[in-house]
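I'd like to ask some things about the structure below.
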Amino acid sequence: QVQLVESGGGLVRAGDSLRLSCAASGRTFSRGAMGWFRQAPGEEREFVASISDTDTIYEKSVKGRFAISRDTAKNTVSLQLNSLKPEDTAVYYCAAAKVGLRFDYFGQGTQVTVSS
């Protein structure tokens, strides 16, 4: 059974930083990307960032502020969130793909709240 478990969310002020981590178990994702999505209240879930052997992709509003990293051997992915803004407030979900960028698995989510 595949599980993705996120940690590191919390309540911070605008301009602060947070680091989210995700540990995957049940299978490895060496052939696919790992990434992060987020969902704000009343909004649809949106892509934030992904990382694979060949590419790193960021959603436009977080590029330059967020940094994704991955340890393939440990089956983990992290997201460093810098210069946080109130509009970054959302539940952040870890995601993993068996192949390419087709995300097959999602975690339960971790709340990030940024106060102004």
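Over the alpha-carbon set of the chain, work out the extent along each principal axis and list the three values in angstrom, largest first.
40, 27, 25
I'd like the accessible area for Ile57, computed on protein heavy atoms only with a 1.4 Å probe and all protein chains in place. Round to 10 Å², please.
60
A further question follows. What nm value, rounded to one decimal, do you get for the distance between Glu87 and Gln39 when each label is placed 7 Å out toward the C-beta?
Modelled inter-label distance: 2.2 nm.
I would also like to ask the following. Please report the accessible area of Arg45 (heavy atoms, 1.4 Å probe, ligands and nucleic acids excluded) in Å², nearest 10.
110
OK, next. Okay, which of region 92-116 sit inside 19 Å, backbone N to the point 7 Å along the Cα-Cβ direction of Thr72?
The answer is 95-105.
What distance in nm separates the simple spin-label points at Val99 and Ser115, each placed 7 Å from Cα in the Cβ direction?
So the two model labels end up 4.9 nm from each other.
What accessible surface, in Å², does a 1.4 Å probe find on Asp53, ignoring ligands, DNA and RNA and rounding to the nearest 10?
Probe radius 1.4 Å; accessible area of Asp53 about 120 Å².
Show which lysines lie in cross-link reach of Lys85 when reach means a straight Cα distance below 24 angstrom and same-chain residues fewer than eight apart are skipped.
Output for Lys85: Lys60, Lys63.
In Å², and per residue, what accessible area does the chain have when probed at 1.4 Å with the other protein chains present? The partial results should precede the final answer.
On the way: 6300 Å² over 116 residues.
Ligands and nucleic acids excluded, the figure is 54 Å² per residue.
About the Cα centre of the chain, what is the dipole size in debye to 20, counting +1 per Lys and Arg Cβ and -1 per Asp and Glu Cβ, all else neutral?
That gives a dipole near 220 debye.
Identify all lysines with a Cα-Cα distance to Lys98 below 19 Å; exclude those on the same chain that are fewer than 8 residues away in sequence.
Leaving aside lysines fewer than 8 places away in the same chain, those within reach of Lys98 are Lys74.
The values are calculated or read from the model by the stated rules, or taken from the named source; none is laboratory data. None of the values given here were measured: they were computed from a predicted structure. Note: ideal-geometry Cβ built from the backbone for every residue, glycine included; neighbour counts use all protein chains shown. Heavy atoms of the whole protein, side chains included, go into the accessibility calculation; ligands, DNA and RNA do not. Shrake-Rupley method; radii C 1.70, N 1.55, O 1.52, S 1.80 Å.
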